[in-house]
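Here's the structure we're looking at; comments come further down.
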Amino acid sequence: MGQKLANPEIEMVNFHGILTSSKKMEHFFELIKRAAPTDASILIRGDTGTGKELVARAIHELSHRNQKPFRAINCATLSAELLVSELFGHVKGAFTGAISNREGLFKIVDGGTLFLDELAEMPIDIQARLLRVLQEQMFVPMGGSNPIKVNVRILSATLRSLRDGVDKGTFRADLMYRVRVLPLFLPKLTERGRDIEALTWHFLEQLNAKSRSRKVSYISSDALDAMMSYSWPGNIRELQNVVEYAFILGQGDCIELHDLTPEISGERIVTGVQPESAQTAWDIEHEQLLEAYRKSRGKREDMAHLLGMSRTTLWRKLKEHQIT
Ligand SMILES: Nc1ncnc2c1ncn2[C@@H]1O[C@H](COP(=O)(O)OP(=O)(O)O)[C@@H](O)[C@H]1O
Ligand SMILES: [Mg+2]
């Protein structure tokens, strides 16, 4: 059970929706404030769920482009054809199915900011086209003949280092230099002072405000200990999901250890006839994947969200575990 602990009201800063109690993060905000008003291409590095998209939005809001559009596109989740058509647009008849003209994001955000998420996953032939737009601020829609002039600031994000991609031959060196004029590194949740505790309370207060049936005023000390010693591979996104899970599945005014997801509470789902000690990390991961698969009825986006991982990572893991 453990002791019931009330909200310690840890002081937090709110920087354009990015909440934190950590000095390291405040230093990060200082860098953003300095870089945002320039037109420099910024590469935001950080693990999944660390808030890369929030950072990109903050940079846009703090720039002189803030009256113009901001758009985000995930380079890992679209097929090459769709990605090209999203970015550059197409003219009617450019390919089967192109029944009308379509404006690309580069045109839509003209004067504003385009955020390229998971840039390391962009197919290499599209990288060449992207580089050309960045160099010339000009592009031709698919199937079109007239170049369109635009003024777009590029922000990008990646989990994997672009340098690794360059070494492996999956990422162009010239594009890497172009997009990471200023690399910014977002710390992991576990490196942010008291943020695990502070954000847990923040998310609980949000849920309290929305819920008619439940109000949580306490966390048991063993639940909090388990949360503080967990590694949070999915960072803030995972924390938010876990708090919501505990809020929905638990009862009463206190979050208890057994309300938390099994990875955190340390509960093991023992299946079949395996000897107890045989459950390896692989088995645990396998069960987590299957559980998420069932809960989301196989919907990839929901699964990735539940597991706090990117869709590419999920795709790779499903393949490794042969879950289809
Ligand atoms: N510091 C933070 N405070 C509050 N919410 C956050 C914070 N960082 C991330 N989030 C929330 O967590 C989720 C993941 O953030 P996101 O920017 O999409 O992460 P990433 O792009 O790095 O995977 C979003 O719902 C976002 O609003
Ligand atoms: Mg993201």
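Points worth noting:
- Filter result for Gly51 (of a type outside the set (Phe, Trp, Tyr), within 30 Å of Phe15 (Cβ to Cβ) and within 16 Å of ligand 2 (Cβ to nearest atom)): yes
- Residue check, Pro187 in contact (Cβ under 8 Å) with a residue 60 or more places away in the chain and part of a loop (DSSP other than H, G, I, E, B): yes
- Subset tally (residues that are crowded, with 22+ Cβ neighbours inside 10 Å and more than 10 Å from ligand 1 (Cβ to nearest atom)) for region 44-62: 2
- Filtering Ile99, Ile59 for residues that are within 21 Å of Leu43 (Cβ to Cβ) and either assigned to a loop (DSSP other than H, G, I, E, B) or within 16 Å of ligand 2 (Cβ to nearest atom) (or both) leaves a single hit, Ile59.
- Subset of region 14-28 that is surrounded by 18 or more Cβ atoms within 10 Å (Cβ to Cβ) and in a helix (DSSP H, G or I) - its residue that is farthest from ligand 1 (Cβ to nearest atom): Phe28
- Among (1) under 22 Å from the mean Cα position of the chain (by Cα); (2) more than 16 Å from ligand 2 (Cβ to nearest atom); (3) under 23 Å from Lys149 (Cα atoms), the one test that His27 misses: (3)
- Yes/no for Arg34 being without any contact (Cβ under 8 Å) to a residue 60 or more places away in the chain, more than 23 Å from Gln127 (Cβ to Cβ) and within 16 Å of ligand 2 (Cβ to nearest atom): no
- Of the residues Lys68, Lys92, the single one that is out of contact with any helix residue (DSSP H, G or I) (no Cβ under 7 Å at 6 or more places or on another chain), crowded, with 16+ Cβ neighbours inside 10 Å and among the basic types (Lys, Arg) is Lys68.
- Scope region 233-267; condition within 16 Å of ligand 2 (Cβ to nearest atom) and not in a helix (DSSP H, G or I); matching residues: Pro233, Gly234
- Residue in region 149-157 that is in the same structural domain as Ala76 (by TED's automatic domain parsing), more than 25 Å from the chain's Cα centre (by Cα) and not in a strand (DSSP E or B) present: yes
The values are calculated or read from the model by the stated rules, or taken from the named source; none is laboratory data. Since this is a predicted model, take the numbers as computed values, not measurements. Glycine gets a Cβ as well: all are built from the backbone with ideal geometry, and neighbour counts include every protein chain shown.
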